[in-house]
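The values are calculated or read from the model by the stated rules, or taken from the named source; none is laboratory data. What you see is a predicted model, and the numbers here were worked out from it, not measured in a lab. Cβ placement follows ideal geometry from the backbone for every residue including glycine, while neighbour counts extend to all protein chains displayed.
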Amino acid sequence: MSKFEGRKIYKGRAEGEALVTSEDISFYGGCEPDTGVIVEKGHELEGKSVAGKIFVFPSGKGSTVGSYVLFALKKAGKAPLAIVNKETDPVVAVGSIISEIPTIDHIDVSKIRTGQKLVVDAGLGVVSIVE
Amino acid sequence: MGLELTKDDRDMLDGKHGKSAKKAMEIITALGEIYGAKRLISVSSVQIAGVSYHNLGEAGLEYLSDMAEDGQTRVLTTLNPAGMDLTEWKKHGISESFAKNQKRVVDAFLKMGVIATCTCTPYLIGNLPHYGEHIAWAESSAVCFANSVIGAMTNREGGPSALASALTGRTAEYGFHLQENRVAQVRYDVEARIENTDDFGLLGQVIGTRTKKAIPYITGVANATTEQLKSFCASVATYGGVALFHMEGLTPNRTLVPDKTEVITQDELDAARSELDDADVEIDFISVGCPHASIKEIAEIAEMLEGKKVAKEKTVWITTAKPTKDLAVKMGYYDTIEKAGAFLVSDACCAVAPLKGRFKGLLTDSAKACFYARGKNSFKTKIRTIEECIKEAIA
């Protein structure tokens, strides 16, 4: 079992399957607020849904309205279970806090693969690969 | 954790001042930790963005309603434009259902004690900080104006973080709140002719595109009106994310002058204009007032429209703040403009109103308006002086 230590952005614990990308995410305009599907043209996750996944990406980009998109995902039941970043940007940080999504950063996201089972304990700032 | 909190900060974080203040303090402390702030500081003024129902949607409205349950502003807080004129929306073709939802958004802000100014130019109508004052503003054009033209100190806040500062009176001390982060990084010598608001917008586009987030020191602009500077601010913030610039002889902040110098030629300004002038654009929408028009601009437009008629196939929006519109009514400008068949629209603007599908081509003096008309509404665009815009409207 590999274990990585990072920094808490928003507390909480989650267990689930990783969805990983090496590209930054713009939630506003890049992710459908009612389905969780990534719609940014040409993005490597285009067509995939973040719903119910532990969403692993380097950082956020784009409009500050993105925070409200994370909130909309949560209300629609389509939010990621947790967020793991290399460096959380303020748009995602604010989105995680207002939506109460466990979030940590300062994690080397290139060490995690899509489909791996993860346990995130954001309060402790720890993410573990359990299988 | 290196972030130092006062007893009052901690009480808010512990929920002793209610759940909205707690949530707000969580946002502010998290940002403080991400950016390595040492402490929180008090702010005396807040400007909140994210007001149009068109951008917020039902989820955004739900968030605001949650915060309004027990949230109350602690400092002077004003509001960005909504998606419609809050009184005369019907005659501008806004739907009943949109109006109903837009009013729910404004009501949530009112409940929290936010002054529903609904303008992107708070500094023109009573939210005017002074030099060196720490504030927390959203709305990129107003952030740029406050930092650069006034010399107040603010980061580029988003809607939720600005609201968080309104409910706590606090922000984290990082970025543009620290003098060492306000020093110019690149010098631009302007050789191009910069005369009207459209030229200032184009200059903002050229410098913004080149400088991205690096702080510009601009020379070669001999003089500028407040209206021209607000046009420049809107554009340089839209095309580059610039939150602070220095303009020699015109802005008050002290700075070292960077050695690295780039020249801005007339050719570049002309190229920026050609870039915003779409080929074979059919103009059916003319809008002035991005950022919101001042009373001086409205007086000049009224004079141009006196006794004239707007062409049948064209719609004209002059957008402004409600208090400015009230002044225009008092001075007779409103009647002159509306008799000519143009609309003096308050509280809203062409960038945030639900206009998609209603028009084909926008003529405006604002480079920022062109950006949003293209990106959000798929309109074609053309940029000219205010005078040329009004001439085209009555042609």
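Checking the stated criteria, residue B:305 turns out to be touching a strand residue (DSSP E or B) at 6+ places or on another chain (Cβ under 9 Å) and more than 28 Å from residue B:152 (Cβ to Cβ). The set of residues in the range B:110-130 that are within 13 Å of the chain's Cα centre (by Cα) and free of Cβ contacts under 8 Å to residues at least 60 places away in the same chain contains only B:123.
Evaluate the following for residue B:294: is it of a type in the set (Ser, Thr, Tyr), under 19 Å from the mean Cα position of the chain (by Cα) and over 19 Å from residue B:122 (Cβ atoms)? For residue B:294, the condition - of a type in the set (Ser, Thr, Tyr), under 19 Å from the mean Cα position of the chain (by Cα) and over 19 Å from residue B:122 (Cβ atoms) - is not met.
Can you give me the number of residues within the range A:79-106 that are modelled with pLDDT of 95 or more, hydrophobic (A, V, I, L, M, F, W, C) and surrounded by 23 or more Cβ atoms within 10 Å (Cβ to Cβ)? Looking only at that region, the number is 6.
Residues that are away from chain A (no Cβ under 14 Å) and at positive phi: does the range B:94-107 have at least one? No, the range B:94-107 contains no residue that is away from chain A (no Cβ under 14 Å) and at positive phi. A single entry from B:129, B:122 fulfils the requirement of being under 22 Å from residue B:28 (Cα atoms) and modelled with pLDDT of 95 or more: B:129. When we screen B:248, B:262 for residues that are without any contact (Cβ under 8 Å) to a residue 60 or more places away in the chain and within 14 Å of residue B:187 (Cα to Cα), the only hit is B:248. Taking the criterion of being at pLDDT below 95, touching a helix residue (DSSP H, G or I) at 6+ places or on another chain (Cβ under 8 Å) and closer than 22 Å to residue A:125 by Cβ, the residues of the range A:8-52 that qualify are A:9, A:10, A:25. Taking interchain pairs and intrachain pairs at least six residues apart, which have beta carbon atoms under 7 angstrom, with the first residue in the range A:77-93 and in a loop (DSSP other than H, G, I, E, B) and the second buried (at least 24 other Cβ atoms within 10 Å of the Cβ) and aromatic (Phe, Trp, Tyr)? Hits for this filter: A:80/A:55. The combined condition, being more than 14 Å from every other protein chain (Cβ to nearest Cβ), of a type in the set (S, T, N, Q) and not in a loop (DSSP other than H, G, I, E, B), is fulfilled by residue A:110. Here is a check on your reading of the model: is residue B:139 under 15 Å from residue B:241 (Cα atoms), at pLDDT below 95 and in contact with a Ser or Thr (Cβ under 8 Å, 6 or more places away or on another chain)? The answer is no for residue B:139.
Going through (1) touching a strand residue (DSSP E or B) at 6+ places or on another chain (Cβ under 6 Å); (2) within 14 Å of chain A (Cβ to nearest Cβ); (3) not basic (Lys, Arg) one by one, residue B:184 falls short only on (2). On the basis of being under 21 Å from residue B:296 (Cα atoms) and either of a type in the set (D, E, K, R) or surrounded by 24 or more Cβ atoms within 10 Å (Cβ to Cβ) (or both), does residue B:141 make the cut? When the stated conditions are applied, residue B:141 passes them.
Name the single residue, out of those in the range A:1-39 being more than 14 Å from every other protein chain (Cβ to nearest Cβ) and assigned to a loop (DSSP other than H, G, I, E, B), that is nearest to residue B:29 (Cα to Cα). Filtering the range A:1-39 for residues that are more than 14 Å from every other protein chain (Cβ to nearest Cβ) and assigned to a loop (DSSP other than H, G, I, E, B), the one nearest to residue B:29 (Cα to Cα) comes out as A:24.
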